[in-house]
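Okay, so here's the structure we're looking at.
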Amino acid sequence: MIDLTQEERKVILFLSMVALCGVGINFLVKTHASLKTVLCPTQETAKINLNTADETTLLSVPGIGEKLAKRIIAYRVENIHFLLIDELKNIPGFSQKKLSQIKKYVTIE
Amino acid sequence: MKQPQPFFILTLIFILGIFLASLFRLAFIIFFIFCAFFLALGLLLKKQTPYSNWAFCLLVLFLGGAFFANAQIQSKAHISKYIYYQNTNLYWLKGVIDNPPEDKTSSRELVVRCEEIQTGTRKSNCRGKIKVLLKPNSNQDFAYGDEIMASGYLRPVYSRSQNYKHYLKIQDIAGTFYLESSSWITKLSDHKGNPVKMLALRWKNKTQGAIREYAASLSAGVVEAMLLGEKKNIPRHIYEAMMQSGTVHILVVSGFNVGIVAFVVHIFLKLVRIKRKVRILLSMPILVMYCLMTGASTPVVRATIMGLVFLCAYLVKREPDIYHSCALAALFILSTNPNQLFDIGFQLSFVSVLSIVFLYPKLRSLIRIETIPIKPLRFMVEGLLVSLSAWIGTAGIIFYYFKTFSPITPLANLLIVPLATLITLCGTALVFFAFTFAVLAPSFAATTDLLVMILVKLSLFLVKLPGACLKFS
């Protein structure tokens with residue numbers, strides 16, 4: 001069917017061995033990799049950090065428009081950082097109702 | 001004609017292994033055991049006998065099967081485990097954008113490589129790709145490599161086209177993510193993608209900008225498709241006319257374009273008196289970057305690898321072998337994703353090249369082309385034979401998938417391919433001068449506009465000829 005020289009046989013054997021090991025390792029990784037699940041008391045992954053978010057990120061929070069986003073950043077610059085989410089009430093335009101609306105989207109870190 | 005080399009035959013056997021594994025769907029462990037057995041047999045049989053050659057062939061056959069079987073297995077953390085019909089759970093998804101955003105008529109699509117998924121209070125690591133749908137004119141600016149967080153619902157892919165579903169499966173896109181609210185997607189960070197690919201995409205954006213600045217909108221669309229693989233700006237009726245005449249391949253970046261780019265780069269480096277070895281070494285990364293710029297589709301990857309093999313052959317002063325380079329390209333693509341064997345692009349790309357390489361010399365000797373005294377006529381007949389060889393090889397595949405048969409294709413290609421070559425060369429020159437001597441760019445843009453106008457008119461004329469394209473239900 002095909003004629004292989006001694007060198008060609010060695011190369012094919014070496015490459016086949018490497019390929020077989022590689023595909024075997026890949027199979028083991030896929031089938032035995034653990035599904036890491038953690039329980040979060042709240043949806044921490046999803047929240048925006050008020051101390052690091054830029055204007056574009058703040059705008060993506062429902063309820064925060066351009067003016068409010070700028071005021072949040074100005075407040076943060078003036079006071080270095082937020083210690084509590086409730087500090088947002090000190091910013092003009094933030095009522096109690098608005099604060100309770102956006103609380104589920106933001107966090108402090 | 002040169003006889004196919006053993007490496008080419010072994011690649012065919014590897015492909016046969018993938019095909020048989022797709023038919024019989026045996027467990028991975030069975031293929032692995034057979035591979036290990038024939039590998040041990042190959043190591044033990046030191047003398048060259050028919051049995052040892054068969055052992056090698058079977059080793060490669062089962063290796064192809066093992067690769068395919070492994071590709072069908074998904075990890076425990078794969079996103080597909082969360083996707084099923086009528087899944088009303090709300091998910092938070094964190095991932096990295098894997099492709100530049102695509103603008104469609106009804107939505108803007110992002111392909112996201114998943115990292116974490118959260119539902120309720122349970123957060124898990126996650127793998128696989130998902131398609132995220134945004135509103136069509138969303139003002140949020142996302143790019144390749146951006147890490148995003150989104151809230152929404154997971155659904156299976158909905159499409160009436162089985163070919164499209166099959167295509168998404170080959171690309172490992174598990175489903176669709178519909179946002180909870182149109183604004184609830186946010187960018188967490190950027191530059192998380194491959195830095196080389198990010199650089200290539202930056203160059204691509206600059207090249208697109210240069211083309212649009214100087215060329216008219218229609219010719220800019222055609223040049224962007226030919227040079228960069230961006231087909232979205234080509235009018236639908238022109239694209240369909242070229243499909244029916246069998247010349248749509250010129251609007252797809254393929255080996256043809258890669259060859260022209262390699263040629264232009266080589267000529268330019270020769271003009272600036274770069275030494276031969278340095279020229280070859282510089283051409284290689286430029287080819288790879290061009291491949292990434294155009295989206296690394298299967299035909300471009302095939303052509304790039306074949307181009308690299310040829311350049312390496314020139315570097316070490318050995319004669320390149322087209323069958324070997326084709327086999328190496330096929331092995332590279334299939335070892336990374338064996339499902340590509342069932343992709344239309346993969347099949348057409350390789351079959352067209354191999355049919356030209358195999359059939360063209362036979363047709364040439366059949367009609368005794370050397371006896372044609374007039375050189376331009378001989379050149380035209382050679383072009384027609386190349387087109388005919390590719391057409392014969394791909395006609396069956398095109399009929400199987402698209403249920404069309406285009407008798408006009410060889411003639412259309414004879415007229416359109418030289419025109420496409422000129423457009424690609426003019427477009428490349430336009431881009432070059434746009435970045436270096438901008439004062440010359442409008443001249444090349446005007447020539448490109450003229451050539452594109454001729455191409456469009458010719459395509460529309462050819463498809464109107466009686467019997468140009470036959471459609472079967």
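Across the range B:281-306, the number of residues qualifying as over 11 Å from the mean Cα position of the chain (by Cα) and not aromatic (Phe, Trp, Tyr) comes to 12. If the condition is being touching a Lys or Arg at 6+ places or on another chain (Cβ under 8 Å) and in contact (Cβ under 8 Å) with a residue 40 or more places away in the chain, then the range B:323-345 contributes B:Tyr323, B:Cys326, B:Ala330, B:Asn339.
Before we move on, is A:Ala33 at pLDDT below 85, within 7 Å of chain B (Cβ to nearest Cβ), surrounded by 10 or more Cβ atoms within 10 Å (Cβ to Cβ) and over 20 Å from B:Leu331 (Cβ atoms)?
Here the answer is yes, as A:Ala33 does meet what is asked.
Against the numbered list (1) under 19 Å from B:Gly259 (Cβ atoms); (2) touching a residue at least 40 places away in the same chain (Cβ under 8 Å); (3) surrounded by fewer than 17 Cβ atoms within 10 Å (Cβ to Cβ), B:Pro407 comes up short only at (1). Flag set for B:Leu16, criterion: free of Cβ contacts under 8 Å to residues at least 60 places away in the same chain and more than 9 Å from chain A (Cβ to nearest Cβ).
Results for (1) outside any helix (DSSP H, G or I); (2) small (Gly, Ala, Ser), shown as yes or no for each residue.
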position: B:Phe263; (1), (2): no, no
position: B:Pro299; (1), (2): no, no
position: B:Arg302; (1), (2): no, no
position: B:Phe310; (1), (2): no, no
position: B:Glu319; (1), (2): yes, no
position: B:Ser325; (1), (2): no, yes
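Considering only residues in the range B:211-231 that are surrounded by fewer than 20 Cβ atoms within 10 Å (Cβ to Cβ) and in contact with a helix residue (DSSP H, G or I) (Cβ under 8 Å, 6 or more places away or on another chain), the one that is nearest to B:Leu419 (Cα to Cα) turns out to be B:Leu218. Among residues of the range B:182-211 that are within 14 Å of chain A (Cβ to nearest Cβ) and aromatic (Phe, Trp, Tyr), those with a Cβ under 8 angstrom from a residue that is in a loop (DSSP other than H, G, I, E, B) and buried (at least 17 other Cβ atoms within 10 Å of the Cβ), sequence gap 6+ or separate chain, pair up as B:Trp184/A:Ser60. In the range B:80-93, the residue that is surrounded by the most Cβ atoms within 10 Å (Cβ to Cβ) out of those that are more than 12 Å from every other protein chain (Cβ to nearest Cβ) and in contact with a Phe, Trp or Tyr (Cβ under 9 Å, 6 or more places away or on another chain) is B:Asn87.
In the condition set (1) within 14 Å of chain A (Cβ to nearest Cβ); (2) touching a strand residue (DSSP E or B) at 6+ places or on another chain (Cβ under 7 Å); (3) in contact (Cβ under 8 Å) with a residue 24 or more places away in the chain, B:Ala69 is compliant with all but (2).
Quick check: anything in the range B:37-46 basic (Lys, Arg) and either away from chain A (no Cβ under 11 Å) or outside any loop (DSSP other than H, G, I, E, B) (or both)? No, there is no match, as no residue in the range B:37-46 is basic (Lys, Arg) and either away from chain A (no Cβ under 11 Å) or outside any loop (DSSP other than H, G, I, E, B) (or both). Do we have B:Pro418 as without any contact (Cβ under 8 Å) to a residue 24 or more places away in the chain and either under 28 Å from B:Ala262 (Cα atoms) or not acidic (Asp, Glu) (or both) here? Here the answer is no, as B:Pro418 does not meet what is asked.
The values are calculated or read from the model by the stated rules, or taken from the named source; none is laboratory data. The structure displayed is predicted, hence computed values, not measured ones. Methodologically, a virtual Cβ is constructed for each residue, glycine included, from the backbone with ideal geometry; neighbour enumeration extends over all protein chains shown.
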